[in-house]
Structure formats: C-alpha cells, structure tokens
Amino acid sequence: MSDQTNTPLPGGYSFQTSARTYPCVVFFKRADDSATTTTATDEISVSETKPSAEPKGRPTPTRKEAEAARKAALKGGPPPGASKKEQRIAARTQAQQDRARAREGMLKGDERYLPARDQGPVRKFVRDYVDSRRTVAEFFVPVAVVVLLLGLMREARLQAFVTLVWLLILVVVAVDTTVMLLKLNSQLKAQWPDKAERKGVNLYAVMRGLQIRRLRVPPPMYKAGGRPVEPKQPK
C-alpha cells in the first residue's frame, strides 16, 4: 500500500513523495548466549593459567635453616648442606679475600694486620724515625751487588780497588748507623723509660735502615727529611 503526499518548496513549487511500508524482521542478540560464551572463555583461561599442584620434591626449609643459610651467605661461606666441593670453593674464596684484606691493611699501616714484630707504639716510632732520615745503610744492598759483580773480574788492580771501596762503605755504614741508634735511644728513653718496652728496638732499627726505602714493609709514612707521605688517590 502506498500514499502520495505533496511537499511544498519555496517559490510555489512542490513535488510528490510516496510513503511505503515494507515488512522487516528485527534480530535481537540473546543475553544468555553472550553470558554462556563469556563464562566458557573464562573457564578456559583460568584452567590454562592455574599452575598445577605438583610436589616440589624437597621439604620446605624451616625458619632456623633459612636463617642459617642467610648468615652463611653474608659471611661468604657455603650454605648449610652444601657439598664438599662447594665447601672447598667457598673456603678458598674466603681465604683469598682475607689475604687481600690483610695485605691492604698492612700497606696502610693498620695495627690489626701487622705482624707481631711490627706492632706497638714503640715499633711505630722506630719506623717513623728511621724513615724520616736519609741514611747510608739504605744504599748498602745496591752497592754490595755492584761490588760483588766487579769482584768477579780477574784484574788485580780492579780487585784491590773494589776491596778498598768495600771496606770504606762498611765503615761509613757502621758510623752512620751508630749515630742514628744513639739519637734514637735518647728519644725512646724519654718517652718509654721502661727498658722492657724498648727490647729489641736496636736490631729492629738496623734491619729497617738496611732495607731499600721502596721495599720497606710496612711502607714508610714519612719521606726523608720528615715530610709525611701523601696518601695515594684512588683510581
């Protein structure tokens, strides 16, 4: 069925339009189907992401065991229950770290890492006193090596000259060391009157003076002349 209508336009014109009715079918989506599909999808996702409850194969550590493992890790040792190989590796690593720490402390002059012969305020005073002086004894070892090499030559005059120089060096070293010990002992007696505290300081001072300055351990804290050694800047 159709109906025609006249539609007026400006200026007196008009045109006819027809209104027709067509049969149609409207489709509606059921809410039940959407809900069913969503629920099934959620169930599949949950089943895929949910971990399977499988046994761990080992008992859960107790609180005491966990605390012991944490302390062992902080100390650098093997955890409780470690194999013998792991224990040997951990012990070797710990020993290397201890040696490196002891060497670093000894080079800094830390009393905790010094040998027994270098510990104490008296020995430190002796080291500083010897290191702050320029002595002939510190050149004794290099000169002795040169004299020994020259003495291997079979030239009679050269050997006589080397022998004379060697005796002269010994006399100079002995005199210089004696003067140093006299001055050192006078200062030690003023600060440490007890003779027991000054036991063995003369031999300690002589051995310190005979060493090459750059090879002395612990390293010198003072340069020749009394100026303190500047600390090395970290790289």
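The values are calculated or read from the model by the stated rules, or taken from the named source; none is laboratory data. All values derive from a computational prediction rather than experimental measurement. FYI the Cβ positions are ideal-geometry reconstructions off the backbone, even for glycines, and counts take in every protein chain you see.
One residue stands out in segment 195-218 among those that are modelled with pLDDT of 90 or more and not in a helix (DSSP H, G or I): the one that is nearest to ALA174 (Cα to Cα), namely GLN211. Within segment 134-143, the presence of a residue that is surrounded by 13 or more Cβ atoms within 10 Å (Cβ to Cβ), within 23 Å of LYS223 (Cα to Cα), more than 42 Å from the chain's Cα centre (by Cα) and charged (D, E, K, R) is excluded.
This table checks each residue for (1) touching a Leu at 6+ places or on another chain (Cβ under 9 Å); (2) modelled with pLDDT of 85 or more; (3) under 22 Å from ALA205 (Cβ atoms).
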{"residue": "ARG103", "(1), (2), (3)": "no, no, no"}
{"residue": "ARG117", "(1), (2), (3)": "no, yes, yes"}
{"residue": "VAL143", "(1), (2), (3)": "no, yes, yes"}
{"residue": "VAL162", "(1), (2), (3)": "yes, yes, no"}
{"residue": "LEU168", "(1), (2), (3)": "no, yes, no"}
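For the residues TYR222, TYR204, the requirement of being under 24 Å from TYR113 (Cβ atoms), in contact with a strand residue (DSSP E or B) (Cβ under 8 Å, 6 or more places away or on another chain) and aromatic (Phe, Trp, Tyr) singles out TYR222.
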